Amino acid sequence: MKIKLLQGIEGAKKATGISVIIDVFRAFTVEAYLMNNGAKKIIPVGDIKTAYQYKKEHSQYLLIGERNGKQQVGFDYGNSPTQIASVDVEGKTIIHTTSSGTQGIANAINAEEILTGSLVNAKAIATYIKRKNPQEVSLVSMGLAGRKETEEDTLCANYIKSLLEDKELDITKEIESLKLTSGSKFFKKELQDIFPEQDFFLATQLNKFNFILKVEKGQIPYIRKIDIKKENHMNEVIKNIMERRSIRKYQDKEVSDELIDEIVTAGTYAPSGRGKQPAIIIAIKNKEVRDKLARINAKIMGTDIDPFYGAPVVLVVLADKSSRTYLYDGSLVMENMMLAASSLGLGSCWIHRAKEEFETEEGKELLKSLGIEGDYEGIGNCIIGYKAEEKEAAPRKEHYVYKI
Ligand SMILES: Cc1cc2nc3c(=O)[nH]c(=O)nc-3n(C[C@H](O)[C@H](O)[C@H](O)COP(=O)(O)O)c2cc1C
């Protein structure tokens, strides 16, 4: 594992691999306390105008943060963990904008995965990274306004590095000496309304929380909490099953042939009745054919909207009706592909009416042009693409499972 130590906004731009954006005083300490108090998710925003815009569009969201350390007009709370620690934010979405930490997230454009870093969850961060065992880790100390190195962020980066290298540093003395350096502002009487003394103690409670905060990429990136203990018990496959969602907004971005191949291969490994493998997959990337199929599907539905929601790839599953279990077998191919797409960071959705598509003359012609003969029934259209929205699962209904 190669570990890079970087500084400020310029460092964030160079961050690659799993990247930890560190802001101890106080952005990511605040976020940890927010999540500990039950916040659902945090939307980190670099630009204050965007933060105001989101608040205008979603008045139920809480707007939190600072500029020059101070809570701004129209904000629900400032960037102080003392202020946050006693607030009930159960189930709330938070918009968070600060002059350093959230800027780091906005600038870490080359990072494979972004975590926020602070002393209150440093060990959890190191545990998470060690489990993933990536080739590269970037530890970015954001410092003052992302431009000037500060002792507490560099200390946090060095501490996480020591944990990753299995040589845990004892940083008790260094934490104490922060009172004289970058933390001295919390002990100035005239600054207590902006930098209360209690903030220092809340921000330096080393390893208080056993969760990490991960930035989920998307059109509007957001931060979610991952419990390190829970993660330990839930394997990646089950997690993927629970996190896959039907996506109905896509980016205008090509999906590589390699990724499509991985997804369809996963489809071909679905179980089938008597192992007959009665399903076939038509992987459509050609825009003309994709649009034609979309038109056929829309016509069946009686609309002229794009039933494929702008997704660039359609994987059509058909199954040979001579097999008694063809409908189940084809459905399993669909699910395998949707799960594979999700595990690769892509969005997908089952789009219906494949049966009717291939009962039309145009549909039959398409099969003929590919040399497909036999009694095939369309099972489903699995649309694939890069997500332009994030979705959460609906609550599971009551009485889903009966145990005997
Ligand atoms: C057999 C089947 C047909 C579906 N057809 C459509 C469809 O035509 N259009 C669509 O937008 N979603 C379609 N869906 C997606 C469902 O609406 C979606 O799975 C459901 O709302 C649950 O959301 P989730 O997949 O994110 O858990 C279909 C799903 C299944 C299983």
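The values are calculated or read from the model by the stated rules, or taken from the named source; none is laboratory data. Given the structure is predicted, the values throughout are model-derived calculations rather than measurements. All Cβ positions, even for glycine, are placed from backbone atoms using ideal geometry, and neighbour counts span all protein chains on display.
Could you run through the range 372-395 and say how many residues are near the ligand (Cβ under 10 Å from one of its atoms) and either modelled with pLDDT under 90 or under 14 Å from the mean Cα position of the chain (by Cα) (or both)?
Here the count works out to 4.
Can you confirm whether the range 327-345 contains a residue that is of a type in the set (D, E, K, R), touching a Pro at 6+ places or on another chain (Cβ under 9 Å) and at positive phi?
Looking for residues that are of a type in the set (D, E, K, R), touching a Pro at 6+ places or on another chain (Cβ under 9 Å) and at positive phi, one finds none in the range 327-345, hence no.
So is Gln277 outside the structural domain of Tyr376 (by TED's automatic domain parsing), surrounded by fewer than 20 Cβ atoms within 10 Å (Cβ to Cβ) and either more than 14 Å from the ligand (Cβ to nearest atom) or among the polar types (S, T, N, Q) (or both) or not?
So Gln277 fails the test.
Does Ala203 satisfy being within 25 Å of Met142 (Cα to Cα), surrounded by 14 or more Cβ atoms within 10 Å (Cβ to Cβ) and at pLDDT 95 or above?
Criteria met by Ala203.
Somewhere in the range 40-56, is a residue assigned by TED's automatic domain parsing to the domain that holds Gly218, assigned to a strand (DSSP E or B) and farther than 20 Å from Glu390 by Cα?
The answer is no, given that none of the residues of the range 40-56 is assigned by TED's automatic domain parsing to the domain that holds Gly218, assigned to a strand (DSSP E or B) and farther than 20 Å from Glu390 by Cα.
Only one of Ile305, Ile284 is within 16 Å of the ligand (Cβ to nearest atom) and either free of Cβ contacts under 8 Å to residues at least 40 places away in the same chain or surrounded by fewer than 14 Cβ atoms within 10 Å (Cβ to Cβ) (or both). Can you tell me which?
Answer to the check: Ile305.
Looking only at the range 218-228, decide whether some residue is in the same structural domain as Asp153 (by TED's automatic domain parsing), surrounded by 17 or more Cβ atoms within 10 Å (Cβ to Cβ), farther than 25 Å from Tyr61 by Cα and at pLDDT below 95.
yes
Does any residue of the range 71-90 turn out to be touching a residue at least 24 places away in the same chain (Cβ under 8 Å), surrounded by fewer than 24 Cβ atoms within 10 Å (Cβ to Cβ) and in a strand (DSSP E or B)?
No, every residue in the range 71-90 fails to be touching a residue at least 24 places away in the same chain (Cβ under 8 Å), surrounded by fewer than 24 Cβ atoms within 10 Å (Cβ to Cβ) and in a strand (DSSP E or B).
The rows are residues; the columns are (1) surrounded by 18 or more Cβ atoms within 10 Å (Cβ to Cβ); (2) away from the ligand (no atom under 13 Å from the Cβ); (3) part of a loop (DSSP other than H, G, I, E, B).
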{"residue": "Leu332", "(1), (2), (3)": "yes, no, no"}
{"residue": "Leu339", "(1), (2), (3)": "yes, no, no"}
{"residue": "Glu359", "(1), (2), (3)": "no, yes, yes"}
{"residue": "Glu362", "(1), (2), (3)": "no, yes, no"}
